[in-house]
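See structure below.
Any read-out appearing in this document is the output of simple, stated calculations on the displayed coordinates, not a laboratory observation. Since we're looking at a predicted model, the values are computed, not measured. Here the Cβ positions follow ideal geometry from the backbone for every residue, glycine too, while neighbour counts run over all protein chains shown.
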Amino acid sequence: MVMTYPHFVVRELVALEILLIGLALLAIFFDAPLESLANPNKTPNPAKAPWYFLGLQELLHYFPPVVAGVLVPALAVIALVAIPYFRVNMEREPLWQRRTPERLSIFLVASALCAGILAAFHCYILVVPLVIFAAVMASLYVPPDRGLWRALAGWTAQSRLSARIHARLSGCSLAVWLMSWFVAAVVVLTVTGSLFRGPGWSLVWPWK
C-alpha cells in the first residue's frame, strides 16, 4: 500500500504528461481526418453520431426510441449512482464457488431470456457475444479434466495451459463477467456502427 499523496498523484501526473506529449506528437506529424465544411443542403448518408454515441444509435436501429434512447441510458446512470451504496464489491468469490446447481440454473435461464429478447428485436450482433460469454461461463462449471477442457488439453503442455486458463477464468466473480460482457457489447455496437453501417443504415463491408 502507498499513500495517495504524493505517490499516487505523482504517478498520475507522469501518466498525464506522457499522454499530452503523445497527443502533441500526433498533432504535429498527422493531420486530423476532417471532412469538408458542413453543408446544410447536403445531408450525409448515413448521418452518424460521434463515435461515443454510436452504441446508442446502433440500439435505436433495433429497439424503440423510448427503450434505446431513454430507458437504457437512464438505467445505466441509476446503476452507476446506486452501485456504491451496495456491498457488491465486497464479495469477490468465484462464480461457481457456492450453490453451483442453483446458480447454473438461474444463469442458463437468464442467458436464454436475454438472448430471446435480443433475437425478438433482431439484435443479433449482441446475441453473438452473449452466447459466447454464456458458453464460456457455463463450461467453467465443469472441472478442467472433463468436457470441453479435456478436449482442449490434448498434449501434456496443452493440458497444463488448459488447466491454467480454467483456473484463471474460474476465479472471476460474477461482477467481472458482467462487466466484461458489457464492455464487449459496447465495443461490438460501436465498431458495427462506425465501420459496418453504410447508406440507408444498411450493413456493408468497411472497404466498400
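The table below gives the values:
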| read-out | value |
| --- | --- |
| Cα-based radius of gyration of the range 1-75 once divided by 2.2 N^0.38 Å, which approximates compact folds | 1.81 |
| Ascending count of other beta-carbon atoms within 10 Å, so fewest first, for E102, E35, E58 | E35, E102, E58 |
